[in-house]
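Engineer: This is the structure I have questions about; it appears just below.
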Amino acid sequence: MAEMTMIEAVRAALAFALEEDPDVIIFGEDVGIDGGVFRATEGLVQRFGPSRVRDTPLSETVIAGLAVGASAQGLRPVAEIQFMGFIYPAVDQLVCHAARMRNRTRGRLSCPMVLRAPFGGGIKAPEHHSESTEAMLAHVPGLRVVIPSSPARAYGLLLAAVRDPDPVIFLEPKRLYRATSEEVADNGEALPLDSAFVLREGADVTLVTWGAMVVETLEAARQLAEVEVSAEVIDLGTVKPYDRAAVRTSVEKTGRCVIVHEAPLTGGFGAEVAADLAETCLTSLLAPIRRVAGYDTVMPYLRLEDRYMPSTDRILDAVHYVLEFE
Amino acid sequence: MARTRQTRTTDPGAYLDAEGTLLRELPDFAKSRDTLVALYSAMVRCRTFDSKAVALQRTGRLGTYASSLGQEAVGVGVASAMAPTDVFLPSFREHGAQLIRGVTLEELFLFWGGDERGNDFSLPKRDFPVCIPVGTHFPHAAGAALALVHKGVPGVAVAVGGDGATSKGDFYEALNLVGAWNLPAVFVLNNNQWSISVRRQDQTAAQTLAQKAVACGLPGEQVDGNDVIAVREATERALERARSGQGGTLIECVTYRLGDHTTADDASRYRDDDEVSAQWKKEPLVRLRRHLTQVHGWSKADEEALLRTCREEVDQAAENYLATPPEPAGEMLANLFESLPRDLARQAEELGDG
Ligand SMILES: Cc1ncc(C[n+]2csc(CCOP(=O)(O)OP(=O)(O)O)c2C)c(N)n1
Ligand SMILES: [Mg+2]
């Protein structure tokens, strides 16, 4: 066991994957000698050599397309997009190729690739460096979208993503990279994909979230406990395909649900979670489902960033609304 | 004989002119009657498939189809130079190449008939399926080349795309990477002068498409894309370079799209019949047939036998395709991931297995 931040856990998982499978290769912008702008790959080129850890030219299309081609021919590329704000040229390759290669060849070729990208707000980064558009990717059939929310989950889910036989988009909440550290066993044990994590058990209300919003949501649950409200906190972990059963089971127990995400409200992934509950848990629901999300606007520059991000107070307001609803 | 100049601006080199007259000494492979007959047969087979496919589409038994009429020398020349360990990445117009690689006529009919099983090739197991989003397969070729290097396979990734595809960033970005990483990849351009209704000269002000290699630090070469010998010879040289660790090459094959863009297109809206008639005089089959007749005693009987064999084979494949029942609907979900995520179980149940 070692105390690790999330960025250290990502690095440890990458090193473990490189060590265990000679077909794993890493590439992206500045991932070599510089170790990535967030240092996720620090030391890896020295340890595994430049044929396993490669700096690419500055081309997101090529990074994703290279991963498609290499994975379809038997490698297990773990490619890095430097910031999710620059993923869009790569989205063409993800949607048109990575997501459908297995299906359109009826399993003859597949894309066991991982595309990692730091994402989300909260670190006062420049324009284009703070968005969270996971719902856009989650809408694409054939892609897995995985978002860790702690060092241990980053380690276990990243290893699972690398070993998975299909493409995984691995979005790392950069606000959490160095926010906290915890004990992580660097033993190569993966955590299950497509499974939610119950971070806190409770009986009165279910709070569903993922990524960096886990922080505010857990804080809200802590404050609720002080006033004798017991909140269950579920971290989806894998946003697509998500663990519907876990969310339903919880809401059947609590009868109330608040969904929290940083991405804009409309068409955000919370809409899918809410719709599923409306379809399947209507008779258990004691109050309308509420969503606490980013606003439907362009991510503001850093001076207004805090006003955009869902706060613990906004979560508490929503929880009180569903608790008091009659 | 093997020209190494980087680009040509006019009159790309050919071995045979449109009349089948020998312009210069043939490369060794083209001195063999058997090899030439094989190349000619492959082009005839491709053209026979093309006309059958168009006929099936016109009678509602195939989906929208992109004919390679007049461009057979590109695919056949390229694929005939390749080894089984190489990886082929086709655009949607390289049936001739796919057939040589071992894709079956039935598989081609299935693909164009709207059945994913057409991409589950029985023979070239590692070849990529047709790429529909124009030019987006060039980055895959770089990735495939990287995989070949990584696994120590002495293979080369060969991608073919159109003149229109060269305007895409994908093409340029991938070519740039092939240069920067010295990857064993060959990019072939089927310059058929048209990108649906947009002429080659309106696509780019570059004098040749081959020139686009210069900025990426790679050799680029223009060849007569109606001369299957020239295409094959240039491809062989490029493959040899790649295999010996010298990296990638761009080959521009200058040819002409004699047909409509696809069966959904009507080219008379944007181009004159006169232009097309003039190009018919340069098409790739006639010149090789004349050469075979003049030099290798190819007879009328040989020709008729070949046409008959191709027709029978293609007709039989079409019948097999038409007799193939559609897959059970559940296959549309069953192949999305290696194993069906729990999340999709209800939808899979709804589709059932019928
Ligand atoms: C990215 C993309 N844009 C548009 C289209 C629609 N489209 C299909 S083929 C084509 C023209 C392609 O021209 P070219 O690359 O010269 O190939 P050709 O069809 O002549 O073989 C277009 C615009 C497409 N398939 N993909
Ligand atoms: Mg064209």
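The values are calculated or read from the model by the stated rules, or taken from the named source; none is laboratory data. These numbers come from a predicted model, not from an experiment. Cβ: placed from backbone, ideal geometry, glycine included. Neighbour counts: every protein chain shown.
Engineer: Scan region B:190-202 for residues that are near ligand 2 (Cβ under 9 Å from one of its atoms) and either hydrophobic (A, V, I, L, M, F, W, C) or out of contact with any Gly (no Cβ under 6 Å at 6 or more places or on another chain) (or both) and jot them down.
Structural biologist: Selection gives B:ASN191, B:ASN192, B:GLN193, B:TRP194, B:ILE196, B:VAL198, B:ARG200.
Engineer: Looking only at strands (runs of 3 or more DSSP E) that fall completely inside region B:177-267, which ones have 2 or more residues that are aliphatic (A, V, I, L, M)?
Structural biologist: Numbers: elements: B:185-191, B:220-224, B:249-254.
Answer list for region B:177-267: B:185-191, B:249-254.
Engineer: For region B:141-173, enumerate the residues that are away from ligand 2 (no atom under 16 Å from the Cβ), over 22 Å from B:GLY77 (Cβ atoms) and either of a type in the set (Val, Ile, Thr) or in contact with a His (Cβ under 9 Å, 6 or more places away or on another chain) (or both).
Structural biologist: B:VAL149, B:VAL153, listed by residue number.
Engineer: I'd like the full set of residues that are closer than 21 Å to B:ARG58 by Cβ and either among the hydrophobic types (A, V, I, L, M, F, W, C) or at pLDDT below 95 (or both), limited to region B:251-272.
Structural biologist: B:LEU258, B:ALA264, B:ALA267 - these are the residues of region B:251-272 that are closer than 21 Å to B:ARG58 by Cβ and either among the hydrophobic types (A, V, I, L, M, F, W, C) or at pLDDT below 95 (or both).
Engineer: If I filter region A:69-90 down to residues being farther than 20 Å from B:VAL178 by Cα and crowded, with 22+ Cβ neighbours inside 10 Å, which single residue comes out as farthest from the other protein chains (Cβ to nearest Cβ)?
Structural biologist: Among residues in region A:69-90 that are farther than 20 Å from B:VAL178 by Cα and crowded, with 22+ Cβ neighbours inside 10 Å, the one farthest from the other protein chains (Cβ to nearest Cβ) is A:MET84.
Engineer: Moving on. Among the listed residues B:PRO284, B:PRO219, which satisfies the condition of being touching a residue at least 12 places away in the same chain (Cβ under 8 Å), touching a Ser or Thr at 6+ places or on another chain (Cβ under 8 Å) and farther than 17 Å from B:GLU72 by Cβ?
Structural biologist: B:PRO219
Engineer: Of the conditions (1) hydrophobic (A, V, I, L, M, F, W, C); (2) surrounded by fewer than 21 Cβ atoms within 10 Å (Cβ to Cβ); (3) touching a residue at least 60 places away in the same chain (Cβ under 8 Å), A:VAL45 satisfies every one except a single condition; which number is it?
Structural biologist: (3) is the only condition that A:VAL45 fails.
Engineer: For region B:148-165: of the residues being within 8 Å of chain A (Cβ to nearest Cβ) and free of Cβ contacts under 8 Å to residues at least 24 places away in the same chain, which is farthest from ligand 1 (Cβ to nearest atom)?
Structural biologist: B:LYS151
Engineer: So which pairs qualify, if the first residue must be in region B:126-143 and at positive phi and more than 8 Å from chain A (Cβ to nearest Cβ), the second must be among the aromatic types (Phe, Trp, Tyr) and within 15 Å of ligand 2 (Cβ to nearest atom), the Cβ gap must be under 6 Å, and the two must be at least 6 apart or on different chains?
Structural biologist: B:GLY135/B:PHE171
Engineer: Name the residue, out of B:SER67, B:SER80, that is more than 11 Å from chain A (Cβ to nearest Cβ), crowded, with 20+ Cβ neighbours inside 10 Å, within 16 Å of ligand 2 (Cβ to nearest atom) and in contact (Cβ under 8 Å) with a residue 40 or more places away in the chain.
Structural biologist: Answer to the selection: B:SER67.
Engineer: Going by the conditions given, is B:GLU350 within 14 Å of chain A (Cβ to nearest Cβ), loosely packed, with under 12 Cβ neighbours inside 10 Å and either not β-branched (Val, Ile, Thr) or not in a helix (DSSP H, G or I) (or both)?
Structural biologist: For B:GLU350, the condition - within 14 Å of chain A (Cβ to nearest Cβ), loosely packed, with under 12 Cβ neighbours inside 10 Å and either not β-branched (Val, Ile, Thr) or not in a helix (DSSP H, G or I) (or both) - is met.
Engineer: How do the helices (runs of 4 or more DSSP H) wholly within region A:94-171 filter down when requiring 3 or more residues that are more than 14 Å from chain B (Cβ to nearest Cβ): which remain? Let's see the steps before the verdict.
Structural biologist: Numbers: elements: A:101-104, A:134-138, A:151-163.
Of the helices (runs of 4 or more DSSP H) lying wholly inside region A:94-171, those with at least 3 residues that are more than 14 Å from chain B (Cβ to nearest Cβ) span A:134-138, A:151-163.
Condition check ((1) within 16 Å of ligand 1 (Cβ to nearest atom); (2) over 26 Å from B:ILE229 (Cα atoms); (3) modelled with pLDDT of 95 or more) across all residues:
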position	(1), (2), (3)
B:ALA81	no, no, yes
B:VAL87	no, no, yes
B:GLU94	yes, no, yes
B:VAL103	no, no, yes
B:PHE111	yes, yes, yes
B:LYS125	no, yes, yes
B:TYR172	yes, yes, yes
